[in-house]
Amino acid sequence: MLQQTQVTTVLPYYDRWLRLFPTWQALAEAPEGAVLKAWEGLGYYRRVRNLQRLAKVVAESPTGRLPETAAGLLELPGIGPYTASAIASIAHNEPTAVLDGNVIRVLTRQLAYGEDVAKPAVQETLRAAAQALLDPETPADFNQAIMELGAVLCTPRGPQCLVCPVRLPCKAAAEGDPLRYPVKERADTTEVHEVVSVMKREGHASSQERALSQGHAMSLTRYLCEEIPPGERNHGLWRFPRFDAETMREEAELCAFTYGITRYRVRLRAVLASPSSLSVCEETEGGQPAGTAPGARWLTAQEIEALPFASAHRKIATLLLERELK
DNA sequence: CTCCGGAAGG
DNA sequence: CCTTCCGGAG
């Protein structure tokens, strides 16, 4: 979870995750949907797929536990150089240096090292520098100390040089402009426009649903959603379908906002839509609505809440369902 | 708004 | 080597 995600963001997920999947075995056997749901909102969903792949590998392994060496850990899915060194050094005292964003910042400032840290070769140089600094007697303390220094004092925007314990050897502090480091090339972003459709259908309760809703205020209004197919980004999560002028007619705008995803700026508009032909509303065998993408379903508010949506689509869902309650 | 942050796949 | 993947905080 901490790969590319800050501690404060992870905190609410972590305990819940361990309650849901307390063992490698439990995670290995969990349905993918449940795993994605527990990760919903953390982003970089490849991580969670790798984590479950990892659980399967570990659960099937002779020991049933993670390897203890960095080299062994590095073989496993989702474990790269940082995670391998972090586990090996902190849990097992192996003298292997970690290189995360914090360490990169501390070292480039200490050395006034102005190369572009996005380049793999530059990272390798920094990793070697960290390894040379590492005290082999206390790798766990050293690694955690340098990461903590970056997180607490040598911060991206407001480094506290005046109280920094390693101010004297720091070349950036001597230069008087620690914010110059680290240097990273800024990738140019491309703008993307996306229109998403919210289609609504007043439900006819099946006998089963009537039985289930006895004594409950169960909404039978349904919304057209689709499971993102394999091969597409965020596959296995759910979304509102893309607006398709061939089969849909725009009735009103529900919301519009912009969000960033890596180098893209996505301008997302969600519109209330109705089918331009009645066939879209008909449901064929297996709940597959006619004229829609495979994986499309008419979902109740309860189902939408229970399924995993990436944040942008979760935002639309929340807005929509709030509005419905009024 | 801008900036931050690991691993994998090509 | 290069690009791709998300969401939250400042």
Practice problem: May I ask you to list pairs of residues, at least six apart or on different chains, whose Cβ atoms are under 8 Å apart, with the first in segment A:100-123 being more than 19 Å from A:Pro139 (Cβ to Cβ) and the second being outside any helix (DSSP H, G or I) and of a type in the set (D, E, K, R)? | Solution: A:Asp116/A:Lys184; A:Asp116/A:Glu185; A:Val117/A:Lys184; A:Ala118/A:Lys184; A:Ala118/A:Glu185; A:Val122/A:Glu115; A:Val122/A:Asp116
Quiz item: Which condition breaks for A:Thr247 when tested against (1) at pLDDT 90 or above; (2) closer than 16 Å to A:Pro294 by Cα?
Solution: (1)
Quiz item: Just checking, how many residues over segment A:1-57 are of a type in the set (Phe, Trp, Tyr) and more than 11 Å from the chain's Cα centre (by Cα)?
Solution: 5
Quiz item: Looking at segment A:54-67, is at least one residue more than 22 Å from A:Leu134 (Cα to Cα) and crowded, with 22+ Cβ neighbours inside 10 Å?
Solution: yes
Quiz item: How do the pairs read when you match residues in segment A:222-242 that are acidic (Asp, Glu) with residues anywhere that are more than 16 Å from DNA strand B (Cβ to nearest atom), using Cβ under 6 Å and keeping only pairs 6 or more apart or on different chains?
Solution: A:Glu226/A:Pro241; A:Glu226/A:Ala293; A:Glu226/A:Gly295; A:Glu226/A:Ala296; A:Glu227/A:Trp238; A:Glu227/A:Gly295
Quiz item: Quick one: how many residues across segment A:263-289 are modelled with pLDDT of 85 or more and either within 16 Å of DNA strand B (Cβ to nearest atom) or of a type in the set (D, E, K, R) (or both)?
Solution: 7
Exercise. Within segment A:165-174, identify whether any single residue is at negative phi, in a helix (DSSP H, G or I) and at pLDDT below 85, and answer yes or no.
Key: no
Exercise. Those residues that are of a type in the set (A, V, I, L, M) and over 12 Å from A:Val192 (Cβ atoms), I need them from segment A:228-273; list them, please.
Key: A:Ile228, A:Leu237, A:Ala245, A:Met248, A:Ala252, A:Leu254, A:Ala256, A:Ala270, A:Val271, A:Leu272, A:Ala273
Quiz item: So which pairs qualify, if the first residue must be in segment A:252-267 and on the phi < 0 side of the Ramachandran plot, the second must be more than 8 Å from DNA strand C (Cβ to nearest atom) and aromatic (Phe, Trp, Tyr), the Cβ gap must be under 9 Å, and the two must be at least 6 apart or on different chains?
Solution: A:Arg267/A:Phe257
Quiz item: Of the conditions (1) more than 16 Å from DNA strand C (Cβ to nearest atom); (2) in contact (Cβ under 8 Å) with a residue 12 or more places away in the chain, A:Pro62 fails just one. Which one is it?
Solution: (2)
Quiz item: Would you pick out the residues in segment A:129-141 that are free of Cβ contacts under 8 Å to residues at least 40 places away in the same chain and either assigned to a helix (DSSP H, G or I) or within 16 Å of DNA strand C (Cβ to nearest atom) (or both)?
Solution: A:Ala129, A:Ala130, A:Gln131, A:Ala132, A:Leu133, A:Asp141
Quiz item: Looking only at residues in segment A:8-46 that are within 14 Å of DNA strand B (Cβ to nearest atom) and either touching a helix residue (DSSP H, G or I) at 6+ places or on another chain (Cβ under 8 Å) or among the polar types (S, T, N, Q) (or both), which one is nearest to A:Glu227 (Cα to Cα)?
Solution: A:Tyr45
Exercise. Any chance you could count how many residues in segment A:18-53 are among the aliphatic types (A, V, I, L, M), more than 16 Å from DNA strand C (Cβ to nearest atom), surrounded by 13 or more Cβ atoms within 10 Å (Cβ to Cβ) and part of a helix (DSSP H, G or I)?
Key: 5
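Residue-wise test of (1) free of Cβ contacts under 8 Å to residues at least 12 places away in the same chain; (2) over 23 Å from the mean Cα position of the chain (by Cα); (3) under 20 Å from A:Tyr113 (Cβ atoms).
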{"residue": "A:Cys154", "(1), (2), (3)": "no, yes, yes"}
{"residue": "A:Cys170", "(1), (2), (3)": "no, yes, yes"}
{"residue": "A:Lys184", "(1), (2), (3)": "no, no, yes"}
{"residue": "A:Thr189", "(1), (2), (3)": "no, no, no"}
{"residue": "A:Ser197", "(1), (2), (3)": "no, yes, no"}
Quiz item: Of all residues in segment A:97-128 being away from DNA strand C (no atom under 16 Å from the Cβ) and part of a helix (DSSP H, G or I), which is nearest to the chain's Cα centre (by Cα)?
Solution: A:Val103
Quiz prompt | Residue satisfying condition, being at pLDDT below 95, more than 30 Å from A:Cys255 (Cα to Cα) and in contact with a Gly (Cβ under 9 Å, 6 or more places away or on another chain), within set A:Val183, A:Val152 | solution = A:Val183
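The values are calculated or read from the model by the stated rules, or taken from the named source; none is laboratory data. Please read all numbers here as calculations on a predicted model, not as lab measurements. Virtual Cβ from ideal backbone geometry, glycine too; neighbours counted across all protein chains shown.
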